[in-house]
Amino acid sequence: MSRRPLLFSNARLVDPETGWDGPGSLLVLDGRIAEVRRGEDPIEAPDGVHPIDAGGALLAPGLVDLRVKTGEPGAEPKETLKSAALAAAAGGVTSIVVQPDTDPVIDDPSVVDFILRRARDIGLVRVYPAGAATNGLAGEAMAEIGLMREAGCLYVTNADRPIVNSKVMRRVLAYAGALGVLVAHRPSDPWLSDGAAATEGEFAGRMGLPAEPVAAETIMLERDMALAAITGARLMVDQISAAEPLDRLAAAKARGLPVIATASINHLTFNEIDIGDYRTFCKLTPPLRSEDDRKALVEGLLSGLVDIVVSAHAPAPPEDKRLPYDEAAPGSVGLQTLLPALLTLHHELGAPLATLLRAVTFAPAQAVGLPTGRLAAGAPADLVLCDIGTPILVDAARLLSKSKNSAFDGRRLQGEVRMTLVDGRVIYDRDGSPS
Amino acid sequence: MTNQALGVDDIRARAFPFPAKHFLSVTDLDPPTVADLLALADGFVALNRQKNKKLDLLKGRTLINLFFEASTRTQSSFELAGKRLGADVVNMSPRASSIVKGETLIDTAVTLNAMQPDILVVRHGSSGAASLLSQKVDCSVINAGDGQHEHPSQALLDALSMRRAFGHVDGLKVAICGDVLHSRVARSNVALLTMLGAHVRVVGPPTLMPADVTRWGVEVHHDMKTGIAGVDVVMMLRLQLERMQGALVPSMREYFRFWGLDREKLARAAPGVRVMHPGPMNRGVEIDSDVADDLAVSLIQDQVEMGVAVRMAVLTSLAARLDNR
């Protein structure tokens, strides 16, 4: 696929950086956005340009997904970088950050390098690794944060294994903070959440499911924020999921603590009742919370308290999911449904598109220092063209991920990706005519 | 509600096709279906007290008992029920064999399904296991206990025991005492007894109570003395020994002191109180032998007898549905 000049006309441009939402045209030259013109008056087509009539469709920056798990290296039958990249492209996601809990763990610059080389060979979406905060994710000794940063990792995290030892967490924050490396951490008290498959409450009680209280999240969040305060480090709360921790986050932000938070699209869409008759595709970490929690999360997203939305893409094959609920693996694939699900929230709530899209484009790009997520002249031409009104019925079997464990299976969403571009190259075209 | 000998025709007249393909949860039942099941079970109680206990209502049918967790009582109850109705009964305990080789619940289900059973009775340590299994097989599935979720035939036999002892369930005050948190028996009983109009209390230390149990439509008591004051039925739950020793309660003797059923505590209940226990009992932990063995108050042996009759009723109505297809 060549990088010939492209001119999108008759588009609905949404620029999450400035909040601008309106008709316009956009010119792509040499892999970059050359010009953005707002209003009905289109850019004049230069010679040799390939014109694309958007027909009023949404043209926005490609999505930046900060929390993606694949199975490469180590569990390729679940998901490879290639299959994840294909799913991302079909979902309008142009940058993914893969989690370090692979085998081997991404706790070494050579594994960072491996991921980056594999991504270059695949040549679809941009793939960046997140480094492990501690060696082997064991939560004991710090990993080579500086060397991994030099090799190209975007931030460090202990993925799904919270750092239990507060002294270790403090050192990780202090050390990474001094190097300017963002630390992500999923707040979860390991004892309160031990063995939990659901959120404590009436539903889990009736279903007889082992459950964790929301306090498991609140307690660890308060610890992390207290440590961020004494180290001065930037902290990214990985997948905040309930009203109580959101209150604590709001208070910390009001005090000026440099903390940002992500939420998964799953927790913005579903509540604990969606588990229904033990649907293991809805078994997630953190577990799905109450409807009050979900509403608080949506409000937090609209107010900006929740900075970033992630897919929390976590492939699990049938042998890990078709089990009794408490034995099943947690997680849902989500790369392909992230944007349609977010657009569905837009339709349901009437929330401004720019606000919602900011959380999956500009905000995550800024958090990890990427130049994408903007519709600005000079920015990389990572773009998504999307029919936001088109209803779709999610059929997990047809998703491009190797694993089909989608919490959205059978769900009706509104919004369909038409075209995805990275560096000005069309990497996905629904209507099948690559430029 | 009759103790006189019933003819086969009387039982046939009471038999009815079960409204669902599977018997998984009390929440799938409604009061008319429960009334029909209990009436049918009453008939089987009478039959079971006769010399010839055999019927042919399940003749030609195959029943597989699939018990992933050990259970002498429930398994033999279903086995006897099936055999008395003329079914071919196979007992399987996959714990010991294929599961350790990595075969999953689904694999086992699919394998058994290929053997063309008519009814699969399953017990498994995970909540939702019976429901999962029912989605993968063609035969009817009976939940004989799934994790901490439900044990619906136990609740039916408890209701039958109460109805035969008191003449009614509606309006009875029932205290369910002990480890409610981990008890599928408690969950099924709360659902069924409240459906039938009983006033249910749950009694036990807070560490053994589910979250938001107050929203189950029951009274919650942590003090056993007030919890069983004035009740007609005290239903004790089994406390797994591994749940003691400091994890959820400090010690066996402290548990017995505060939540074990003895004469002194029982004296606070209503006159004519009856004591129940799903078994097997931990004597001296949750119940004093003196109480358990007193046939004037204990319904524990009745429960076992009612168990076979109730399971015969469930099997008969599931088979009647199969016959109608």
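The values are calculated or read from the model by the stated rules, or taken from the named source; none is laboratory data. Not measured: the values here are computed from a predicted model. No Cβ is skipped: glycine too gets one built from the backbone with ideal geometry, and neighbour counts run over all protein chains shown.
Restricting attention to the stretch A:92-118, the residues being in contact with a helix residue (DSSP H, G or I) (Cβ under 6 Å, 6 or more places away or on another chain) and of a type in the set (Gly, Ala, Ser) number 1. The condition of being surrounded by 19 or more Cβ atoms within 10 Å (Cβ to Cβ), assigned to a loop (DSSP other than H, G, I, E, B) and of a type outside the set (Ser, Thr, Tyr) holds for only one of B:LEU57, B:LEU66, that being B:LEU57. Of all the criteria given as (1) modelled with pLDDT of 95 or more; (2) surrounded by 19 or more Cβ atoms within 10 Å (Cβ to Cβ), the one not satisfied by B:ASP170 is (2).
Screening the stretch A:300-317 for residues that are in contact with a Leu (Cβ under 8 Å, 6 or more places away or on another chain) and part of a helix (DSSP H, G or I) and picking the one that is nearest to the other protein chains (Cβ to nearest Cβ) gives A:GLY300. Are any residues in the stretch A:211-251 touching a residue at least 40 places away in the same chain (Cβ under 8 Å), surrounded by fewer than 20 Cβ atoms within 10 Å (Cβ to Cβ) and over 23 Å from the mean Cα position of the chain (by Cα), and if so, which ones? Of everything in the stretch A:211-251, those that are touching a residue at least 40 places away in the same chain (Cβ under 8 Å), surrounded by fewer than 20 Cβ atoms within 10 Å (Cβ to Cβ) and over 23 Å from the mean Cα position of the chain (by Cα) turn out to be A:ARG223, A:ILE230, A:GLY232.
Being away from every other protein chain (no Cβ under 14 Å), farther than 27 Å from A:VAL181 by Cα and either modelled with pLDDT of 95 or more or under 17 Å from the mean Cα position of the chain (by Cα) (or both) is true for just one of A:THR337, A:THR262. Which residue is that?
When all the criteria are applied, what remains is A:THR337.
Among the residues examined, A:GLY56 qualifies as surrounded by fewer than 22 Cβ atoms within 10 Å (Cβ to Cβ) and not in a strand (DSSP E or B).
Matching residues to (1) hydrophobic (A, V, I, L, M, F, W, C); (2) closer than 28 Å to A:GLY180 by Cα; (3) touching a helix residue (DSSP H, G or I) at 6+ places or on another chain (Cβ under 6 Å):
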{"residue": "A:LEU235", "(1), (2), (3)": "yes, yes, yes"}
{"residue": "A:ASN271", "(1), (2), (3)": "no, no, yes"}
{"residue": "A:LEU297", "(1), (2), (3)": "yes, no, yes"}
{"residue": "A:GLY300", "(1), (2), (3)": "no, yes, yes"}
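Going by what's in this entry, would A:ALA88 be described as of a type in the set (A, V, I, L, M, F, W, C) and within 16 Å of the chain's Cα centre (by Cα)? Considered against the rule, which asks whether it is of a type in the set (A, V, I, L, M, F, W, C) and within 16 Å of the chain's Cα centre (by Cα), A:ALA88 comes out as yes. Scanning the stretch A:204-228 for residues that are in contact with a strand residue (DSSP E or B) (Cβ under 6 Å, 6 or more places away or on another chain) and within 14 Å of another protein chain (Cβ to nearest Cβ) yields A:ALA204, A:LEU209, A:ALA211. Within the stretch B:180-205, the set of residues being more than 18 Å from B:GLU150 (Cβ to Cβ) and either within 13 Å of another protein chain (Cβ to nearest Cβ) or part of a strand (DSSP E or B) (or both) comprises B:HIS199, B:ARG201, B:VAL203. Put simply, of A:ASP320, A:ASP292 the only residue that is modelled with pLDDT under 95 and within 14 Å of another protein chain (Cβ to nearest Cβ) is A:ASP320. When B:VAL213 is tested against (1) under 19 Å from the mean Cα position of the chain (by Cα); (2) within 11 Å of chain A (Cβ to nearest Cβ), exactly one condition is not met: (1). Regarding the stretch B:146-169, can at least one residue be identified that is acidic (Asp, Glu), more than 14 Å from chain A (Cβ to nearest Cβ) and assigned to a loop (DSSP other than H, G, I, E, B)? There is no residue in the stretch B:146-169 that is acidic (Asp, Glu), more than 14 Å from chain A (Cβ to nearest Cβ) and assigned to a loop (DSSP other than H, G, I, E, B).
Out of curiosity, is B:LYS83 assigned to a loop (DSSP other than H, G, I, E, B) and basic (Lys, Arg)? Please lay out each step first, then the result.
Details: assigned to a loop (DSSP other than H, G, I, E, B): no; basic (Lys, Arg): yes.
Against the criterion (assigned to a loop (DSSP other than H, G, I, E, B) and basic (Lys, Arg)), B:LYS83 does not qualify.
Among the residues of the stretch A:343-364, are any surrounded by fewer than 24 Cβ atoms within 10 Å (Cβ to Cβ), under 25 Å from A:VAL214 (Cα atoms), touching a Leu at 6+ places or on another chain (Cβ under 8 Å) and modelled with pLDDT under 95? No, there is no match, as no residue in the stretch A:343-364 is surrounded by fewer than 24 Cβ atoms within 10 Å (Cβ to Cβ), under 25 Å from A:VAL214 (Cα atoms), touching a Leu at 6+ places or on another chain (Cβ under 8 Å) and modelled with pLDDT under 95.
Kindly indicate whether A:GLU291 is surrounded by 24 or more Cβ atoms within 10 Å (Cβ to Cβ) and either within 23 Å of A:SER193 (Cα to Cα) or touching a strand residue (DSSP E or B) at 6+ places or on another chain (Cβ under 8 Å) (or both).
Answer is no for this residue.
Residues that are outside any loop (DSSP other than H, G, I, E, B), crowded, with 24+ Cβ neighbours inside 10 Å and either among the basic types (Lys, Arg) or within 14 Å of chain B (Cβ to nearest Cβ) (or both) within the stretch A:158-203 comprise A:ALA198, A:THR199, listed in sequence order. B:MET115 meets the conditions (1) of a type in the set (A, V, I, L, M, F, W, C); (2) surrounded by fewer than 19 Cβ atoms within 10 Å (Cβ to Cβ); (3) in a helix (DSSP H, G or I) in every case but one. The failed one is (3). Please tell me if B:SER127 is part of a helix (DSSP H, G or I), touching a helix residue (DSSP H, G or I) at 6+ places or on another chain (Cβ under 7 Å) and either within 14 Å of chain A (Cβ to nearest Cβ) or touching a residue at least 60 places away in the same chain (Cβ under 8 Å) (or both). Here the answer is no, as B:SER127 does not meet what is asked.
Among the residues of the stretch A:321-346, which ones are in a helix (DSSP H, G or I), touching a residue at least 40 places away in the same chain (Cβ under 8 Å) and more than 23 Å from A:ILE240 (Cβ to Cβ)? Break it down into steps so the answer makes sense when it comes.
Filtering the stretch A:321-346 down to residues in a helix (DSSP H, G or I) leaves A:321, A:325-327, A:338-346.
Among the residues that remain, those that are also touching a residue at least 40 places away in the same chain (Cβ under 8 Å) are: A:321, A:325-326, A:338-346.
Across the stretch A:321-346, the qualifying residues are A:LYS321, A:TYR325, A:ASP326.
Scanning the stretch B:134-145 for residues that are without any contact (Cβ under 8 Å) to a residue 40 or more places away in the chain and within 14 Å of chain A (Cβ to nearest Cβ) gives B:GLN135, B:LYS136, B:VAL137. Whether any residue in the stretch A:270-282 is away from chain B (no Cβ under 14 Å), acidic (Asp, Glu) and free of Cβ contacts under 8 Å to residues at least 40 places away in the same chain is what I want to check. Scanning the stretch A:270-282 turns up no residue that is away from chain B (no Cβ under 14 Å), acidic (Asp, Glu) and free of Cβ contacts under 8 Å to residues at least 40 places away in the same chain.
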